[in-house]
Structures are given as structure tokens and as C-alpha cells.
Amino acid sequence: QKEVEQNSGPLSVPEGAIASLNCTYSDRGSQSFFWYRQYSGKSPELIMFIYSNGDKEDGRFTAQLNKASQYVSLLIRDSQPSDSATYLCAVARGTTDSWGKLQFGAGTQVVVTP
Amino acid sequence: GAVVSQHPSRVICKSGTSVKIECRSLDFQATTMFWYRQFPKQSLMLMATSNEGSKATYEQGVEKDKFLINHASLTLSTLTVTSAHPEDSSFYICSARSYLRGETQYFGPGTRLLVL
């Protein structure tokens, strides 16, 4: 079982619609959760991080965390063609032996169609 | 966000040569820097963790004598690919974090290495 799992996609979303991305993780001790966006041929850029259960909103993005279900999601409202990219979920354990390390999922490719 | 730069952005070299890649945090002091490698259509693979002033910690399967990492200051880490071979061709990305910013990692723009 992979430590961080995401559907690879592609997730096709009409322009203006909501894109919903899911991520599950196996380590119940995980403490910090991140969403990165990666355009083809570029390096990842941070979209959001979330530490506590519940929702966190930043502009058109909302991250949702449910530690009991070991599940973190990202919603993109009013999707734009420029949102077409691969979205990486990353999880930090926060333990002494793994301090600072992130476990990345394989990423979900999102394609926003005009 | 924070700014991390990498140099060079792209390098082509002959097999057997060594290539040095620099990673700099421009607007914060990075207590830890990470080096990743990414092959086409695959996710990031962590190669090593680098703490300022100490030896790098390499992930399993990564040859420390082939991928030399130096983290000489809080703003600079270097990765040297020694005796590069075509199979080392990849996208190398560094990231930096500061204990003041929690676990968040900020990525450099990446270096695309092609070994002929």
C-alpha cells in the first residue's frame, strides 16, 4: 500500500465548474498536509497547507482534512484553463526520524476544458 | 511564499563528466534543504536531506558517492552528479524549509540534466 494515494486522472472539468481532488494517507500519525500544483515541465508550487480537521479556504481553493478517515481533499472553484496541471498531495509525519520529510502522492492530472 | 532558485536550469553534458547544481534560498534561511529527482510522468522521488553544517542523509538506493551534497550555509546547497551517465538524465529539484515556517517546503524551479 502506498503511503499517500491519489487518483492519477486525468480529471476533466468544464471551465467554471468545481474540481474535486482526493488524497488518502496511511500513517495515522501524520500531522501536516500540503497541496502542490505542478505544471508540465515545471517544479511544484505550494497552493495550500492544512494542519487541523475541517476546511481551510484560500481564494478559489479549499482544503478539507479528516484525520479520522485519513483523508484530505482539495476543491478548486470556478475552474479556469490555467488550473490545468498535476496536483500533488504531500503529507508530513512530524516524527523525529522523519522531521521535515514530505511523502508525496503520484499526483492527479486536472484538465479544465473551455 | 518563499523564493528558491536553482542554477543552472538546464545542462547537457557528456557521459563521464561531473555536473554541479546549486540551490539557493533567496529570502529566508533554510535549515533544511531537500534534493528530489523526477522522471517523466512520475512523481517526485526524494534523494537526500541536507542540513546546514552536517552530512546529508540519503534515501535508500541513492549512492552518496555519486550524488555529492554540500550544504555550506543556510542559503546554499549544492548537488554534484559525479561521472554522470545517460541514466542520470532527469529533472532535479531542490526544496528548502525553515523550522520557522513549519514543515512547508518551497521548491526551486528545477534543473533538467541531459547526459549524452
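The values are calculated or read from the model by the stated rules, or taken from the named source; none is laboratory data. Note that the structure is predicted; figures quoted are calculated from it, not measured. With ideal geometry, Cβ positions are generated from the backbone for all residues, glycine too; neighbour counts draw on all protein chains shown. Note: accessible area is taken over every heavy atom of the protein model, side chains too, but ligands, DNA and RNA are not part of it. Shrake-Rupley method; radii C 1.70, N 1.55, O 1.52, S 1.80 Å.
Could we say that B:SER18 is under 18 Å from B:ASP65 (Cα atoms), more than 10 Å from the chain's Cα centre (by Cα) and open to solvent by 20 Å² or more (accessible area, probe 1.4 Å) here?
yes
Of the conditions (1) in a strand (DSSP E or B); (2) at pLDDT below 95, A:CYS23 satisfies every one except a single condition; which number is it?
(2)
Identify the residue in region B:89-116 that is away from chain A (no Cβ under 13 Å) and farther than 23 Å from A:LEU88 by Cβ and, among all such residues, is surrounded by the most Cβ atoms within 10 Å (Cβ to Cβ).
Among them, the one singled out is B:VAL115.
A:GLU15 fails exactly one of the following numbered conditions: (1) surrounded by fewer than 19 Cβ atoms within 10 Å (Cβ to Cβ); (2) within 14 Å of chain B (Cβ to nearest Cβ); (3) touching a residue at least 40 places away in the same chain (Cβ under 8 Å). What is the number of that condition?
(2)
Before we move on, is B:PHE34 under 29 Å from A:GLU5 (Cβ atoms) and either surrounded by fewer than 16 Cβ atoms within 10 Å (Cβ to Cβ) or more than 14 Å from chain A (Cβ to nearest Cβ) (or both)?
no
Looking for whichever is among the aliphatic types (A, V, I, L, M) and free of Cβ contacts under 8 Å to residues at least 40 places away in the same chain here; the options are A:LEU74, A:LEU88, A:LEU65. Which one fits?
Just a single option satisfies the conditions, and that option is A:LEU65.
For region A:33-47, which residues satisfy the criterion of being open to solvent by less than 10 Å² (accessible area, probe 1.4 Å) and either more than 10 Å from chain B (Cβ to nearest Cβ) or not in a loop (DSSP other than H, G, I, E, B) (or both)?
From region A:33-47, those open to solvent by less than 10 Å² (accessible area, probe 1.4 Å) are A:33-36, A:44; that's our starting set.
Scanning region A:33-47 gives A:PHE33, A:PHE34, A:TRP35, A:TYR36.
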